[in-house]
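Here is the structure we will look at, set down as structure tokens.
The values are calculated or read from the model by the stated rules, or taken from the named source; none is laboratory data. Being a predicted model, the structure only gives us computed values, none of them experimental. Using ideal geometry, Cβ is built from the backbone for each residue, glycine included, and neighbour counts are taken over all protein chains shown.
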Amino acid sequence: MTTREGTARVQSHAATASEESAQMEDARPCDVLDARVGEVSGPGADAAPVSARLRRDHGTMTILTTGVLVVILMVIALGVAITGVQLERNELQSAADGAALAASQGFGQAQVYAPGAGPGSAPVPTSDEAERAAVAYLRDYPLDSQRTSDLQIVSVDVRQDGAVRVVLSARTDPPLVGWFTRGRGTSVTLQAAGEARAR
């Protein structure tokens, strides 16, 4: 082999290596990875490119993440709705306690000056007097809520010892889903009972 032939071969190999290097630089990272994996794996390996696998995994993770976020948002909305309903029930319970206290003190002068009435015995209102006192209380002190409506007095019971039990009911729409319950007529029904006795 002459010196010229050796020099020509070296230049040819150098040109080929330079072209391969330029092609590798111009190729996308996924294509380079596919090519290298193909060289390492050999012809008997799985024919599916690594980039295609990565794209499939990315799509699966996106769907899974979206599903998890939806579940988390539903749990948060449910917790907010339950908390809102409980707060409205507490408000109704306060109204029932106040109405019961007013009803227990709704007796008239006839009970105050009745025979046998004195410092040791508290006057006992009649059922009509107790109910009128409860209605007047709820009229003067309405519920301070925009989500609760249809407030009604279910019953007013007066016992012989002077204790009065008032049962109230109302309908409320939970937060975040109130638009749905109002539209479908499925508002949550609340009920609370208060008891008091004049001393």
What residue, among those in segment 160-169 that are at pLDDT 90 or above and of a type outside the set (A, V, I, L, M), is nearest to I82 (Cα to Cα)? S169
Of A103, A77, which residue is modelled with pLDDT of 75 or more, of a type in the set (G, A, S) and surrounded by 15 or more Cβ atoms within 10 Å (Cβ to Cβ)? A103
Mind telling me which of the residues S149, S127 ends up being surrounded by fewer than 16 Cβ atoms within 10 Å (Cβ to Cβ), within 20 Å of F107 (Cβ to Cβ) and among the hydroxyl-bearing types (S, T, Y)? S127
Are any residues in segment 106-137 of a type in the set (V, I, T) and at pLDDT below 75, and if so, which ones? V112
Taking segment 170-188 only, how many residues are modelled with pLDDT of 95 or more and surrounded by fewer than 17 Cβ atoms within 10 Å (Cβ to Cβ)? 0
Out of all the residues in segment 153-169, which are in contact with a strand residue (DSSP E or B) (Cβ under 6 Å, 6 or more places away or on another chain), within 16 Å of D128 (Cα to Cα) and either loosely packed, with under 12 Cβ neighbours inside 10 Å or of a type in the set (G, A, S) (or both)? S155, G162, A163
Which condition from (1) part of a helix (DSSP H, G or I); (2) surrounded by 14 or more Cβ atoms within 10 Å (Cβ to Cβ) is the one that Q191 breaks? (1)
